[in-house]
Each structure stands twice: as structure tokens, then as C-alpha cells.
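These notes are about the structure you will find just below.
Computed from the coordinates by the stated procedures, all read-outs in this text should not be read as laboratory data. Owing to the predicted nature of the structure, the values given are computational and were not obtained by experimental measurement. A quick note on method: Cβ atoms are made from the backbone with ideal geometry, for glycine too, and the neighbour counts reach across all protein chains shown.
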Amino acid sequence: MSDIVEESVKVPVDDFASDWDHTDPQWVNDPYPIWEDLRERCPVAHTDRYGGGWFPTTHEMVSSIANDTEHFTSRMVVVVHNKYPPNFIPAPIGGAPPITSDPPFHSIARRVILPAFAPGPVNALEPQIRALCNKHLDHMVGREFVDGGTDYAQFIPPGVIASMLGFPSEDEEIFRDIVHLVLDLIDLPSEVRGPLFQPMSEYFGKQIDDHIENPRDDLTSYLLNVEVAGQKLERQHVAGTMVLILVAGIDTTWSAIGSAIWHLARHPDDLARLVNEPDLMPVAVEEFLRFYAPVTMARLVAEDYEFYGCAMKKDDWVLLGFPAANRDPNAFEDADKFIIDRAANRHAAFGLGIHRCVGSNLARLELRVAIEQFIKRFPKFELVDGDTVTWAPGQVRGPRHLPLRILS
Amino acid sequence: MKVRIDPEICQGQGRCFSIAPGIFDFDDLGSGVVIGDGTLTNDTIELARLAQSNCPEHAIFIEE
Ligand code: HEM
Ligand code: SF4
């Protein structure tokens, strides 16, 4: 999957207000000034790209869209060029329930997976996550230069998810390819993108067959056996939910860990405070999540609808910017400042309303433990001068290459 | 003073029981619930308010 063309030729954006593109290099490298400008000028930006779409920039608008499932459907949540690919499964179930589901089916699919991600079972994973972090840190000690992304952050979430789903941990590389395909390669024409999904379906099919033959105590066997109103879930539903958990659980948390390390590399004062005041961690984690929220979602407009004076048309995209909402000065005091001990923090990094992240307990635990272990090993580090940090394009944002110099 | 969570609004954001585990707990689905009848004392009111100011869904209510 990795040998395909990654860069398609496209027209650079001149004005994001009338022609936004979240894969434009300017946005990918530093979206915050763009959002701030749009919030003051528009505050809803428009584009004709991707078949047409809107980008609201205030917390109030993002919240009202997330809570309005009647006018905004979740049948597609990642902006791509082709709104209805050939294998498209329509709402209310969608291809990856519950994230692609609308009410009333949504709550059924959501309740199925909630117990697995409740605080009890998730907190039990802490020793395993700490051991995983230490394993990767062991490979890094003694070196002056390390990469916070490719040596560390990218390994933590796949390891955790593989063990929850009961997939072989040596398949991690395959998981990252899947995530890359679903979330990063969104700009490919649909004729190129479509066939790339075949190996992924085959992989999940193989795992499901293996679990039917050899049931075990993991999330895959649970999904295959759980009954809703006396019926087992359809195979397609199980496969869709597995893809969702894999995709939603990997890139997101990997990005959050990377962004936190990126911040600490550039703010020695915050790094020193966390090293000296470990009790601050849970509060700091929330500010990392607010300030560097990695996840932007999307909706499709369900029917022609007038929203804050914008004439939205059925099937227009709406880019649902939870990260932009988190920087809205009307919702947060000193919204543009990272305040490591911010006391009141109603951030929307995990979304708002019925689709609110199911995995937040796990994400918070992974983020906290990954940072705790990293700064315990490396209490002082900085960015490498002249080397470039690269950012994931698209709707999940975080550093991919994060070159660091370890200071003694 | 009493604190309550509106279960219709709560999405299990989990902030309340992390900040104030003596006042809030969670159920099997990870939703927030109030421990006991939610009566607050002078010692617990501040913590309840802090939890309230961290609930993204505005699901926590403190009433006379
Ligand atoms: C820092 C890490 C994470 C962030 C920022 C994040 C963010 C989000 C956001 C914003 C949504 C809302 C989607 C929408 O409104 O359409 C969401 C949904 C979801 N997330 Fe996460 N997520 C993270 C980690 C995880 C993890 C680790 C898992 C599980 C392994 C997970 C599983 C899910 C699921 C299943 C949904 C769909 C819920 C539904 O539709 O009802 N997430 N996430
Ligand atoms: S913080 Fe709010 S949304 Fe979260 S569990 Fe508590 S009451 Fe529910």
C-alpha cells in the first residue's frame, strides 16, 4: 500500500475564506492563524473543492452542528472527492458504526462498544501501556538524536489496540498503512483510492475468520458474539466497527502524544514544571488536548438548510473543526495561550454530542502514561535546529517526524 | 446545595469523576453518576464547581 503516489498536483489556496482546503501545505503546517483570520472575517468559510463544503470556525457553531443530527448526517465523516463510493453503505448504519451512523441506529451501535472502553476495563491496561512505553524508550536511551514520532509516539497506540482487538502485534505496520489510507490519502481520485481498500477488507476478513474458528477473550470475539435484541451483529457491522476502532484509536492518540512532546521540546519551562510536579499531569493532559486537538470531523448536509446566513445545499460537506472551536476566544479565556494548569477547561477535543469519542478514557490514559515515561527518561530535550518537523495532512493532525536532541 | 447530572445531556466525557471522585462515579457504560443523593457540604462545593466548569456538555447542575 505504501508505494502509491502521495502528492497529487493541486492549486495552492489563495484565500481560505472562499477556497479552503485542509490539505493545503499552509494549513497542514500551521492552521491556527488561518482559523483565527477566518473566525474574525467570515466566520463560516466556503470551498468548491471536494464537491463543495463549509468550514464554521466558532465554538458555538461547531457545537450546534454536532448536536443537530437532523440537518447534518454522519454518513460520511472524512472529506474525500467522491461522496458516494461504489461500496457505500448509507446511514443510518454506514460503513463504520457508530461513527457513520445516524439516530436511531447510532445509539445501538454505540452501546455495544461502550462497556469495553469504560473506565474500569481501560484503567486495568495501565501497567501494559507503561511497559510498552518503556520497551520503546529502552531502544532510545544513550542516543543524542531521537525522533519523538517515528521512534516513539507512532508505536504506542497500535500496540494497545492490537492487543485489545486480538490482532498479531507484528502486524503494526499494516495498521499504520490502513490509517494512512483512510485518513491521509484523501486527496487521491476515487478510481485510485477505491481499489486500495481491497487488502484492508481482506485483512479484517482474515482476522474475523480466525476469531470465529478460535474464539478468545478480546474485543473481536466480543463483537462477534454480542447480541442486540437477541440477534448477533452482522459480519459487515463487526468489520466496520473494527476498522473504526483501529483507525480512531491509532492516528488520533499518536498525534496527541507527538504534539505534546513537540510542545515540551519548545517550552522548557513547561517541561521542567511537569518533571518537578508530576501531579499536574492530568490537568496538563487536558490543556494538551485543547490546544493541540488532533481530530477534525466532517458531516454532510442532510437537506438544503440555512445555517447562520449560509445557504447550505443537500450533500455539501461541513468540516467540523473541534480544534478550531478549542481556540475560540468566546469560549475560552486566553484561548490562544497554552496554560499548563488551566483550571476550567471545557475543551471539545473529543467532540460534542452523541458521537463524542468512545475511546477518551483510553486516549487520556495513553497520553498521560506516554508523556510521564518519556519525561522520566528524558527530562531535558529540544528540537533539532534546521531539521524539519512534518505534520500529518488531513483531518487528524500531529507531527510525523519529530527530530529531537536529548540534553543531559 | 445539591449536585446532579442530567443523563440526557451527559455523554460520558469523564471529567467529573476524574476531578471529583468523591462526588461522582461512573456506570458500566462510562457515564457520569452522582454518588448518593448529591448533597454538597462546604468542603465539597468548590470541587463540584470545578468539575462543573470542566464538563464539555454542560450536564452538571448545582442547585439550592
Ligand atoms: C487523543 C485521542 C483521540 C481524540 C482527540 C479523539 C477524538 C474523537 C472525536 C472528535 C470523535 C467525534 C466524532 C464525530 O463527532 O463524528 C471521536 C469519536 C470516536 N472515537 Fe475518538 N479520539 C481519540 C482516541 C480514540 C481512541 C483511543 C479510540 C478507541 C480505541 C477512539 C474511538 C472512537 C470511537 C469509536 C468514536 C465514535 C463514537 C460515535 O460515533 O458514537 N478514539 N473521537
Ligand atoms: S464530565 Fe459531564 S459529560 Fe462527562 S461524565 Fe461527567 S457529567 Fe457526563
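Here are the numbers for this structure:
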quantity	calculated
Förster-model FRET efficiency, 56 Å R0, A:Asn214 and B:Ile35, C-beta, rounded to 0.05	0.85
Contact order relative to length of chain A, as percent, for alpha carbon pairs under 8 angstrom and 6 or more apart	25
Extension gain (nm, one decimal) between A:Val226 and A:Thr390, 0.36 nm per residue minus Cα-Cα	54.9 nm
Nearby lysines by direct alpha-carbon distance to A:Lys314 (threshold 25 angstrom, same-chain neighbours under 8 apart not counted)	A:Lys83
Dipole in debye (nearest 20) - the protein assembly as shown, about Cα centre, beta carbon charges: Lys, Arg +1; Asp, Glu -1	540
A:Leu383 versus A:His139: modelled label distance in nm, points set 7 Å from Cα along the beta carbon direction	2.5
Label-to-label distance, nm, for residues given as A:Tyr84 and A:Ser107 (7 Å Cα→Cβ offset)	3.0
Cα gyration tensor, the protein assembly as shown - rounded (a/c under 1.5), prolate or oblate	rounded
Chain A - mean residue ellipticity at 222 nm from DSSP helices (-39,500 (n - 2.57) per run, n ≥ 4, rounded to 500)	-13000 deg cm²/dmol
Mean Kyte hydropathy of -0.5 or more with a Cα span along the axis of at least 24 Å, helices from DSSP in chain A	A:235-266, A:360-377
Virtual spin-label span in nm between B:Ile9 and A:Val28, 7 Å along Cα→Cβ	4.1
Per residue Cα convex hull volume in Å³ - calculated over region A:199-245	68
Using a Förster distance of 30 Å, the FRET efficiency for A:Asn123-A:Asp269 (Cβ separation, nearest 0.05)	0.45
Rg to Rh quotient for region B:2-63, alpha carbon positions, Kirkwood Rh	0.91
Where only alpha carbons of region A:264-311 are counted, the Rg and the Dmax (Å)	19.1, 55
Residue among A:Glu277, A:Glu333, A:Glu372 with the largest mean-square fluctuation in a Gaussian network model of chain A, springs linking Cα atoms under 10 Å	A:Glu277
For A:343-353, mean number of other protein chain Cβ atoms within 10 Å	4
Three-way shape label, region A:17-143, alpha-carbon gyration tensor, a/c 1.5	oblate
Most fluctuating residue given options A:Ala248, A:Ala131, A:Ala265, as computed from a GNM of chain A linking Cα atoms under 10 Å	A:Ala131
Three-way shape label, region A:80-146, alpha-carbon gyration tensor, a/c 1.5	oblate
